[in-house]
Amino acid sequence: MKFGSMQPRSLSGCVAALFVGLVLALSAHAQGNLEIDTPAISALRKTMQQRHAQLAPLYASGAVGIAADGTVSLRDAAAVPLAQRAQANAAVAAENADRAALYREIARANGHPEWEAEVRRTFAQRWLERAQPGWWVQQGTSWSRK
Amino acid sequence: MNPALRWLFAAALAASATACVTINIYFPAAAAEKAADRIIDEVWQMREGAGSAPATPPAAGEAK
């Protein structure tokens with residue numbers, strides 16, 4: 001190896017460039033936001049928002065609760081008039097399908113499909129924490145009124 | 001640039017690129033929470049302040 005022949009100026013230049021590149025890459029990652037604006041995710045957000053008009057009264061009556069696993073659950077079917085029960089069931093099923101797709105799409109949009117479970121866990125915790133007073137929430141396996 | 005130096009530079013670049021990929025494997029929990037809150041705001045239409053809902057007046061005693 002002929003290290004004796006290398007010029008100090010160009011070496012320090014290389015090291016500086018490398019360092020700057022590394023710092024840029026790290027900071028870009030550290031302050032990064034997750035990508036949630038893909039067409040698939042935006043479509044899910046929109047349908048979930050529209051469905052909320054139907055679900056909100058069910059949350060308020062306690063028929064539907066915010067489950068610990070990032071889904072919603074029909075926990076008290078008797079609180080829904082019989083005529084509307086099938087509709088409530090369908091709304092819960094559709095909501096849970098959309099939520100599963102949302103968690104999967106967020107993980108995939110960020111290049112890490114294996115993050116799906118962690119995305120779900122994060123959302124589950126945030127849904128519970130942000131549930132409105134009076135709504136039913138599930139902690140562990142037990143339900144309580146917030 | 002001398003060839004040995006160029007080789008060294010390329011190796012260092014490759015090493016740092018690998019390091020970036022390694023870092024990226026960890027789940028960005030804070031970013032995920034922020035993303036979740038943004039989506040929850042939108043879905044539950046809570047944008048006008050995450051504070052107390054005015055629908056229920058505080059009952060006597062401690063209201064959580």
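Arrange B:W44, B:W7 by Cβ neighbour counts within 10 Å, fewest through most, would you?
Ranking B:W44, B:W7 by Cβ neighbours within 10 Å, fewest first, gives B:W7, B:W44.
Could you order peptides A:32-38, B:30-36, A:62-68 by the average number of other Cβ atoms within 10 Å of their residues, highest first?
A:62-68, B:30-36, A:32-38
Within 10 Å of each Cβ in A:122-133, how many Cβ atoms from other chains are there, averaged over the peptide?
5
Per residue of A:66-75, what is the mean number of Cβ atoms on other protein chains within 10 angstrom of that residue's Cβ?
0
Within 10 Å of each residue's Cβ, count the other Cβ atoms and sort A:W127, A:W135 from fewest upward.
A:W135, A:W127
A short reminder: the numbers here are calculations on the coordinates, not readings from a lab. Keep in mind the model is a prediction, meaning the values are calculated, not measured. Please note: Cβ atoms are built from the backbone with ideal geometry, for glycine as well, and neighbour counts cover all protein chains shown.
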